[in-house]
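What follows is a single structure, written as structure tokens, with notes after it.
Values in this text are rule-based calculations from the coordinates and carry no lab data. Treat the numbers as computed from the prediction; the structure is a model and nothing was measured. With ideal geometry, Cβ positions are generated from the backbone for all residues, glycine too; neighbour counts draw on all protein chains shown.
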Amino acid sequence: MESKMEKGFMDQIDFLTIIKDILRNWWVILILSVSVSLFANVWVRYNWQPQYTTTSTFVVTARGMNSSVFQNLSYAQNLAEQFSQILDSNVLKNRVADELGMDSFTAQTSAQIVPETNLMTLTVTADSALDAYRVMNSIMNNYGSVSDYVLDQVILEVIQQPQIPMAVSNPLNTESVMKRCFLISAAVLAVAFGIFSYLKDTVKNEKEVSDKIDARHLGTIYHERKAKSLREIRKMKSFSMLILNPLLSFRFVESNRMTASRVRSHMDKRGAKTLLLTSVMENEGKSTVAANLALSLAQENKNVLLIDCDFRKPAQYLIFGVPEKETIDLPGILKNKSGLGSLIKKRKDCGLYTIFNSVPSDSMEELLENGMFQYILDFCRDKMDYIILDTSPMALVADAEELAQMADASVLVVKQDMVLARDINDAVDILNNTNGRVLGCIFNDVMTGLSPAAGRYGYGGHYGKRTE
């Protein structure tokens with residue numbers, strides 16, 4: 001029973017996502033670990049006090065003409081223990097301090113026997129070389145008067161006189177301290193990021209899509225790595241993520257086509273022609289998913305129209321590599337009710353119909369109020385099999401909610417391990433309260449291997465604050 005519970009707990013841990021989150025924050029770990037090691041370096045240097053050590057060696061011999069080697073060794077061992085007590089006594093410390101004119105005895109002393117010999121080593125460590133030497137000589141002058149009984153039974157003969165130390169006995173070694181602090185900090189931060197990743201309530205794998213999201217799982221689109229080296233990254237600056245690109249992996253292309261097939265099946269069951277695609281946050285890849293969904297449907301010999309309805313940050317013309325001069329000013333057309341003749345363009349390479357806007361606009365509400373966009377949709381419904389609307393993210397602006405009233409259905413793009421599950425479910429609830437009820441969600445940019453970096457779809461910039 002206990003083993004089953006442990007196995008169940010281990011199954012809940014997505015180690016791949018945890019490792020990915022740790023690697024994703026490698027720069028934070030590096031910067032903080034370096035900062036800690038530098039602080040440790042400053043702290044050690046600030047608090048470092050140089051120490052100087054001098055030593056003196058004695059031969060311990062038992063009194064009497066017939067003393068044996070064994071007896072000398074025995075006396076030496078006993079004397080070392082008793083001599084240590086003498087060195088620790090306040091009587092000797094006060095005498096040395098008075099003799100040297102010190103306020104207090106601050107030196108460190110020790111007495112040790114050289115193993116398997118009758119030699120005893122006396123060590124004195126002080127804050128200065130001269131103090132260490134003077135304290136040693138003072139101890140040698142005064143130890144006899146402190147414990148006459150102990151020293152009456154042995155003879156101490158000095159065989160190594162103390163010397164003034166020429167170098168510190170505790171050299172400053174900041175390198176090892178910095179290394180230890182760096183490694184410990186990096187390990188602690190990695191564990192912290194791992195715990196945070198585990199506790200973060202995002203959608204980490206396909207099983208969690210069904211467990212956490214209140215919407216049907218329509219398909220999974222796997223992460224496509226664009227380059228394997230910095231040289232390839234520089235060369236592939238304009239690398240296309242469209243399924244028309246022959247350099248894309250079979251897995252990526254096939255996952256897009258299978259997802260499109262499921263979406264089409266559910267649209268046909270509902271009798272839906274106009275499909276709205278959105279996401280909770282930006283950079284979840286919804287524009288790339290919308291483009292590949294439209295291409296997949298067009299490859300099934302369907303008349304498909306892809307409209308870039310992300311008026312705040314139009315991106316479809318960038319994804320398809322269309323020059324800006326070949327795009328249209330959709331906000332201007334909707335506002336002036338003119339230029340409808342050149343509104344829709346058909347791509348010769350794939351047969352896809354497009355309305356690509358390149359002029360940003362923050363007046364979405366005004367553009368929809370005059371009914372021109374609704375007129376365009378109604379007109380296209382009679383000509384097209386499917387209409388795909390690529391809209392703005394829901395957490396940033398309310399555009400998707402307004403456009404969902406004009407759509408027949410909607411699909412939410414969910415990027416792996418990015419948005420909290422409760423925020424995704426809130427978006428699902430909002431869309432379900434519109435005319436374009438949610439068909440389901442597409443799990444996007446899913447990594448299944450220990451890739452060093454997650455791919456980033458989308459485009460830069462900021463939407464600004466959400467408007468209610």
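Annotations for the structure displayed:
- With neighbours defined as other Cβ atoms within 10 Å of a residue's Cβ, the residues CYS181, CYS350, CYS309, CYS380 order from fewest to most as CYS350, CYS380, CYS181, CYS309.
- The ranking of PHE311, PHE15, PHE252 by Cβ neighbour count inside 10 Å, starting from the fewest, reads PHE15, PHE252, PHE311.
- Whole-Å distance, taken between Cα centres, linking the stretch 99-118 and the stretch 399-422: 78 Å
- Using the Karplus relation 6.51 cos²θ - 1.76 cosθ + 1.60 with θ = phi - 60°, the per-residue 3J(HN,Hα) values for the stretch 41-56 come to 4, 5, 5, 5, 5, 5, 9, 6, 10, x, 10, 10, 10, 10, 10, 9 Hz, with x marking Gly and Pro.
- Tensor-based shape of the stretch 289-412 (alpha-carbon gyration tensor, a/c under 1.5 rounded, otherwise prolate or oblate): rounded
- For the stretch 351-390, alpha-carbon Rg and Dmax in angstrom: 11.7, 32
- Inter-site label distance for ASN432 and PHE250 at 7 Å from Cα along Cβ, in nm: 3.9 nm
- Taking 32 Å as the limit for the C-alpha separation, the pairs LYS204/LYS226; LYS269/LYS337; LYS286/LYS383; LYS302/LYS335; LYS20/LYS179; LYS269/LYS415 exceed it in the case of LYS269/LYS337.
- Extension gain, THR106-PHE379: 0.36 nm per intervening residue step, less the Cα-Cα distance, totals 88.7 nm.
- Chain lengthening between LYS335 and VAL168 when straightened (0.36 nm per residue, less Cα-Cα): 51.8 nm
- Amide H contacts under 5 Å for ARG312: SER361, restricted to partners 5 or more places along the chain or on a different chain, H placed in the peptide plane at 1.01 Å from N.
- For the stretch 203-446, the share of alpha carbon pairs falling in successive 5 Å distance bins from zero is 1, 6, 14, 19, 21, 17, 12, 6, 2, 1, 0 percent.
- Mean Cβ neighbour count within 10 Å, used as a protection proxy, ranking 291-297, 23-29 highest first: 291-297, 23-29
- Here the spin labels are modelled as points 7 Å beyond Cα on the Cα-Cβ line, and at VAL114 and LEU343 they lie 10.3 nm apart.
- Coupling constants for the stretch 161-167 follow from the phi torsions by the Karplus curve (6.51 cos²θ - 1.76 cosθ + 1.60, θ = phi - 60°), and in residue order they are 6, x, 10, 6, x, 9, 9 Hz; glycine and proline get x.
- Between the stretch 254-306 and the stretch 167-212, the Cα center-to-center distance that results, in Å: 41 Å
- Extension gain, GLU369 back to ALA192 (0.36 nm per residue minus Cα-Cα distance, nm): 58.7 nm
- Karplus 3J(HN,Hα) series, Hz, for the stretch 397-413 with 6.51 cos²θ - 1.76 cosθ + 1.60 (x for Gly, Pro): 9, 9, 4, 4, 5, 5, 5, 5, 5, 9, 8, 8, 7, 9, 9, 9, 8
- Dipole axis of the stretch 345-441 (+1 Lys, Arg; -1 Asp, Glu on Cβ), positive-most option in SER363, ASN425, TYR353: TYR353
- Exposure proxy ranking, count of Cβ atoms within 10 Å, fewest first, for SER33, SER361: SER361, SER33
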